[in-house]
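Working notes, structure below.
Taken together, the values in this text are just the output of simple stated rules run on the coordinates, not laboratory data. Every value quoted in this text rests on a predicted model; they were computed, and no experiment measured them. Note that we place each Cβ from the backbone using ideal geometry, even for glycine, and neighbour counts take in every protein chain shown.
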Amino acid sequence: MATDDLTLVKRARSGDQRAFKLLLERYQRKVYSVALGMVRDKEEALDIAQEAFVKVYKYLDHFKGDSSFYTWLYRITVNICIDVLRRKAAARGDPVEYDDSLKVDSAEANIGALGTKLGTNPQKSALRKELAQKIQEALEQIPEKHRAILLLREIEGMSYEELARTLEIPKGTVMSRLFHARAKMQKILSEYLELDEAKSGIGNE
């Protein structure tokens, strides 16, 4: 029996609970990972993941199939995360700002700490706990929309086209947000990366 996403969606729409359960099992860990990366709270991330799937179930008939199911699911998840972060920022009285005004080309969009040292060898980076902790600390300091696009790009490996569809923004805005997000991360991580590079001798090769 076919179990591709679109087939499962069609079966779930017709009342097949097992089909929806299969979709949930297929994507629940990824949804949780995206939520955790954005809100940095395990319990809150679990709540967001649950809310995302509740919304998916409720609005399954609204899924048109013109993009992939996971794109639609991630869009819902990211939007819930942004709402949560905005409510928390508003409660603290913090401004929620980001700037998408800078226009950049593809080459510029690929620069930055994550686009170079971290992005070139993700497996090595993932194994280094200290660096992972520094990345998480840095993620907490950047605006939620920049955090979302960075996680979807660097962790989930989405293409610019997938990011544009998922976040419902033009491809140019995707590149602009990535540029700003990576620049902010580079600034925050630069001191650590320089120290780490000196210790490892990477820069002396």
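When you count the other C-beta atoms within 10 angstrom of each residue and take the mean per peptide, 76-83, 151-158, 63-70, 134-141 line up highest first as 76-83, 151-158, 134-141, 63-70. A Förster distance of 30 Å, applied to the separation of the beta-carbon atoms of L6 and E43, puts the FRET efficiency at 0.35.
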